[in-house]
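Notes to accompany the following structure.
The values are calculated or read from the model by the stated rules, or taken from the named source; none is laboratory data. Computed from a predicted structure; not experimentally measured. Glycine also receives a Cβ, built like all others from the backbone with ideal geometry; neighbour counts cover every protein chain displayed. The accessibility values were calculated without ligands, DNA or RNA, using every heavy atom of the protein model including side chains. Shrake-Rupley method; radii C 1.70, N 1.55, O 1.52, S 1.80 Å.
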Amino acid sequence: MTMSARENLETSLDAITLWEPHISAFVELTKDEAERQVSVLEVDTELAARPLAGMPIAIKENIATTFGHTNASSNILKNFVSPFNATVTDRLLSAGAIVVGKTQQDEFGMGSSTENNGLPPQTKNPWDVSRIAGGSSGGSAAAVASAEVSAAFGTDTGGSIRQPASMCGVVGVKPTYGRVSRHGLLAYGSSLDTAGPITKTVRDAAKILEVIAGQDPLDATTSSLPVGSYVNACGKSIAGLTIGVPKEFFAEGIDAEVKQIITDAIASYKEQGAIIKEISLSLTPAAIAVYYLIAKAEASSNLARYDGLRYEVGEERIEALLDHYKRIRGEGFGPEVKRAILMGTYALSSGYVEEWYGKASKVRTLIRREYEQAFQEVDVIVGPVSPEPAFLLGSKSSDPLAMYLADAYTVPVSVAGLPAMSVPCGMTKNNLPVGLQIIASHFQEETMFQVASAFEDAHEYKNLSPKLPQ
Ligand code: GLN
C-alpha cells in the first residue's frame, strides 16, 4: 500500500518533532506551504501521478523559494523573501514534491562544517551529535539521515553536497556543471556552483536528477544535451567497466580507517567483475589553491550586490552612502565571508589579477585536461569523499586552512566541472559513516549511477539509520 501525501507529510513532521531538538537541520519549517501542496495533490490527479508526488523534501537556504526565507544563512539577508522560485524549486513542485522547510548551511556556502552559519541554530550530525554534519549543505544531509525528509536539496561548489552526505551516511549528487540550472541559487562561485539531491538511496537521487536536470532559458550555462535515463542506469551490471583509482587520493593526510573502508569498497567492485586500474592525477595537490582562489574571487564579485539597498533594505534613512555600506556589510557578513571578499578582491585587483586569478585559471584548465585524459582509459574514478569522518564540533573552526584541507578530494572535481556523488560505503569503529566518491566524465551521470547502484545493491548500508539520542 502506498502512503498518501498527507500521511507522508505527517510522518515527516513527526520525525522533525523528534529529531530537531537534537540536530537542528532546519532554519525554518514551511508547514503552511507543505499543507497547501498536499491539498493540491489531493484534488489534482494529474499532479498526483507525477514522479515525486507526495515526497517530503527540504531545500537549502540558498535556493530561492517564494515561501519561507532565502537567506543563505546570512545576516545580510535575514528577512529576505524571494519574489521567484529557483528553477530547481519550480521543477520539484511541478513534479509533486512537498517542501517542508529550509535547511541550515554555512553562510553563502562557504565552509565544510555548517559552523560558519550566520543565523542560528548549529546543525549536528545525527550519528553523533557532538560532531559536525559536514557542510556547507549540513542541514540537508542531517535532515535526510534522520529521515525527517525523504530528500533534500543542496548546492555543491567545492564539495558541499558530497562531503555532508558522506559524513551523514546518505547519498549526495553533484551533477556536471551545466546539467542543472543555477537560476535562483544565491551565487558563491558562478563557474563552480551546482545544485543536486541528497537522498537515502541511489535510485531516489537518480529519479530526482531526472526531474531537475536539463536546459533552462534562465541559465545560459545549462547544456542542451538530453537528460539521461538515470533510473534505468541503476541496477545494470558493471562487469567489464574500468574503475580508475587515483593514487593521489590516498596520500598523506587520509585517516587510516577511511583508507581501509575505501580500499574494501574498491575490492568489492572487483568481485563484481569491474577492472580496477591505478591511475595518477598528479595535479590533485594543486587543486585546493586553485579552487580557493577562483571560488573566493568569484564570490567577492557576486557578493558586491549585497549593499543593503537592493535586497534587504536598511531600516533608517541613509545619510552617507559609504558609512551605510560599511555598517551593513560589516554587520551583515560573517568572518569566512569577509575573508572571501578580502582574498577574492586581492586576487582580482589590478596588478595582481594575472599573477593570482589568471594563474589559477590556467592550472584549472590543466586539471580539467588531466581528468579528460584519465577518462580515455577509465569509465569512472573512485576514491574517498573526505580524508576523515565527521569531526568534532569546534575542532577546526579557528583554523580556516585545516578546514580548507578537508576539501582535498572534492574540489579537484569541482574545478574540472565533473559529475560526482557520495555513496555510503562503511562505518568506522566509532559508528561514523564513510562515503565513497564516484566521479564520471562530463555528462556521464548514467555511468555514475550505474556504478553507485552496483555498490548500494551489494551492501546493506542504505538500511542503517542513526538512533534518536536520549
Ligand atoms: N568548503 C568549500 C568552500 O568553502 C566548499 C563549499 C561548497 O561547496 N559550497 O568553498
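Before moving on, here are some points about what is shown:
- Filter result for S282 (over 25 Å from the mean Cα position of the chain (by Cα) and either under 26 Å from A390 (Cα atoms) or at pLDDT below 95 (or both)): no
- Considering only residues in segment 368-403 that are farther than 20 Å from A452 by Cβ and hydroxyl-bearing (S, T, Y), the one that is surrounded by the most Cβ atoms within 10 Å (Cβ to Cβ) turns out to be S397.
- Annotation: H324 fulfils all but one of (1) farther than 30 Å from H442 by Cβ; (2) touching a Lys or Arg at 6+ places or on another chain (Cβ under 8 Å); (3) open to solvent by less than 20 Å² (accessible area, probe 1.4 Å); the unmet one is (2).
- Residues (of a type in the set (S, T, N, Q) and either open to solvent by less than 10 Å² (accessible area, probe 1.4 Å) or within 16 Å of the ligand (Cβ to nearest atom) (or both)) located in segment 121-134: T123, N125
- Matching residues in segment 111-142 - criterion: being in contact with a Phe, Trp or Tyr (Cβ under 7 Å, 6 or more places away or on another chain) and under 15 Å from E336 (Cβ atoms): I132
- Among the residues here, M421 does not qualify as under 14 Å from S166 (Cα atoms) and surrounded by fewer than 18 Cβ atoms within 10 Å (Cβ to Cβ).
- Pairs with Cβ under 7 Å, 6+ apart, first in segment 440-457 and of a type in the set (G, A, S), second assigned to a helix (DSSP H, G or I) and open to solvent by 10 Å² or more (accessible area, probe 1.4 Å): A440/T447; S441/F375; S453/R203
- Within segment 358-405, the residues that satisfy the criterion of being of a type in the set (S, T, Y) and modelled with pLDDT of 95 or more are S361, T365, Y371, S386, S395.
- Residues (part of a loop (DSSP other than H, G, I, E, B) and charged (D, E, K, R)) located in segment 57-108: E61, K78, D106
- Looking only at segment 166-191, and only at residues there that are out of contact with any Phe, Trp or Tyr (no Cβ under 7 Å at 6 or more places or on another chain) and within 12 Å of the ligand (Cβ to nearest atom), the one that is nearest to L436 (Cα to Cα): G172
- Candidate set: segment 87-111, residues that are acidic (D, E) and surrounded by 24 or more Cβ atoms within 10 Å (Cβ to Cβ); chosen: the one nearest to the ligand (Cβ to nearest atom): D106
- For segment 135-165, a residue qualifies if it is within 8 Å of the ligand (Cβ to nearest atom) and either touching an Asp or Glu at 6+ places or on another chain (Cβ under 7 Å) or not aliphatic (A, V, I, L, M) (or both), and the qualifying residues are G135, S136, S137, T155, D156, T157, G158, G159, S160, Q163.
- Flag set for D307, criterion: charged (D, E, K, R), open to solvent by less than 70 Å² (accessible area, probe 1.4 Å) and closer than 30 Å to V353 by Cα.
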